[in-house]
Amino acid sequence: MDIENVMDFLVDHRAPNVVPGYVSEQLLSMSWIIDADDVARIIEVAKRWLRSDDQFRVAVAIGLENETYLADSWEAIAELAEPLKERFPSMAADVDAWMARAEPAYERLKKGSFFEQGAQDA
């Protein structure tokens with residue numbers, strides 16, 4: 001089974017009280033036990049979901065941002081945020097929280113991690 005089908009299955013067949021964060025958590029957990037190509041595919045699908053008209057899928061993708069990069073830069077993520085808040089006004093606070101969580105990670109990505117820079121600043 002293709003990982004995108006698994007993702008769609010989890011969303012389409014979720015129990016009534018399942019929130020997007022639960023699905024995000026499952027996908028992040030799965031990323032530790034599946035091969036790298038499928039993990040990359042999860043990220044590709046999540047990037048596409050960020051642009052979808054399905055609010056639940058958008059929220060799942062936002063939840064994945066905790067441990068993945070859904071864009072190449074902070075500026076690219078920021079460009080996605082405002083349209084999301086316009087399309088889904090009820091998600092505005094979630095989008096703002098996502099941005100607050102994501103900004104430090106993208107700053108680290110831009111500057112390089114401690115391990116990439118070496119211990120020169122320690």
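None of the figures in this text is laboratory data; all of them are computed from the coordinates on show. All of these numbers come straight from a predicted model, not from anything done at the bench. A quick note on method: Cβ atoms are made from the backbone with ideal geometry, for glycine too, and the neighbour counts reach across all protein chains shown.
Quick notes on this structure:
- Region 28-75: C-alpha pair distances exceeding 18 Å, %: 26
- Taking the chain as a Gaussian network of alpha-carbon nodes connected by springs under 10 Å, the highest mean-square fluctuation of the residues Arg108, Arg41, Arg57 belongs to Arg108.
- Positive dipole terminus of the chain, leading residue within Val58, Trp32, Leu109 (C-beta point charges): Val58
- Positive-end residue of Thr68, Trp98, Leu10, charge dipole of the chain with Cβ unit charges: Trp98
- Using Cβ point charges alone (K and R +1, D and E -1), the dipole size of region 1-58 about the Cα centre works out to roughly 240 debye.
- Between Gly63, Gly112, Gly21, the GNM of the chain built on Cα springs shorter than 10 angstrom shows Gly112 fluctuating the most.
- Charge dipole (debye, nearest 20) of the chain; +1 at Cβ of Lys and Arg, -1 at Cβ of Asp and Glu: 200
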